[in-house]
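K.L.:
The structure's right below; bear with me while I get my questions together.
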Amino acid sequence: MRRLAGGCLCGTVGYDVADAFGYAMNCHCGQCRRATGSAFKPFAGIERQHLRLTQGADALLIHGDPGQAHDVHCGRCGSLLWSVVRENAWVHVTLGTLIDVPSIRPQMHIFVGSRAAWHEIADDLPQFEAFPA
């Protein structure tokens, strides 16, 4: 299975992940906007065991409860690398931190009801008020 390299802005933290994502979305919720400093967070979801930290374990910054849903950042530059979700079984890898190009593309927009008022969604992807069931 092809693996994709990823990492933070400063190069301290590196990871690789299987190019076998189950879904990809653009999240417009307020939490993702604040975490990224952007209009939305493009991410791809995969089972947690398919992501492997390759460097910088001592530099990770965990935001949230490590036993519950939480975000993983580089503690040096602050890059949001992935979020641990769905009862700690899945990760949402931020697509912007991938060095290699994944085979998946965002398939929808979620939490569009809380999108930034200054941002207009300009594509034809489906839009949802929440995470689809």
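K.L.:
Go through (1) in contact (Cβ under 8 Å) with a residue 60 or more places away in the chain; (2) more than 26 Å from ARG2 (Cα to Cα) one by one and return the number of the condition ALA117 breaks.
P.N.:
(1)
K.L.:
Restricting attention to the stretch 1-37, which residues are surrounded by fewer than 14 Cβ atoms within 10 Å (Cβ to Cβ) and among the small types (Gly, Ala, Ser)?
P.N.:
ALA5, GLY11, GLY22, GLY30, GLY37
K.L.:
Now, a different point. Which one is farthest from the chain's Cα centre (by Cα), of the residues in the stretch 1-21 that are part of a loop (DSSP other than H, G, I, E, B) and of a type in the set (A, V, I, L, M, F, W, C)? Lay out the reasoning, then the answer.
P.N.:
Going residue by residue through the stretch 1-21, those that are part of a loop (DSSP other than H, G, I, E, B) are 1-2, 8-13, 19-21.
The next check asks that each one be of a type in the set (A, V, I, L, M, F, W, C); those that pass are 1, 8-10, 13, 20-21.
Values: MET1: 21, CYS8: 12, LEU9: 15, CYS10: 18, VAL13: 15, ALA20: 15, PHE21: 12 Å.
Checked the stretch 1-21; the qualifying residue farthest from the chain's Cα centre (by Cα) is MET1.
K.L.:
Within the stretch 82-124, restricting attention to residues that are more than 11 Å from CYS27 (Cα to Cα), assigned to a strand (DSSP E or B) and among the β-branched types (Val, Ile, Thr), which residue is nearest to the chain's Cα centre (by Cα)?
P.N.:
VAL93
K.L.:
Quick check on this structure: which one of ALA24, ALA35 is part of a helix (DSSP H, G or I), over 12 Å from VAL85 (Cβ atoms) and not β-branched (Val, Ile, Thr)? Outline the logic, then answer.
P.N.:
Values: ALA24 fails: part of a helix (DSSP H, G or I).
From the options ALA24, ALA35, the qualifying one is ALA35.
K.L.:
Among the numbered criteria (1) surrounded by 15 or more Cβ atoms within 10 Å (Cβ to Cβ); (2) closer than 29 Å to ALA116 by Cα; (3) of a type outside the set (Asp, Glu); (4) touching a residue at least 24 places away in the same chain (Cβ under 8 Å), which single criterion is violated by HIS70?
P.N.:
Looking at each condition in turn, HIS70 falls short on (4).
Here, each number is a calculation from the coordinates, and none is a lab measurement. Just so it is clear, the structure is predicted and the values come from calculations on it, not from any experiment. Note: ideal-geometry Cβ built from the backbone for every residue, glycine included; neighbour counts use all protein chains shown.
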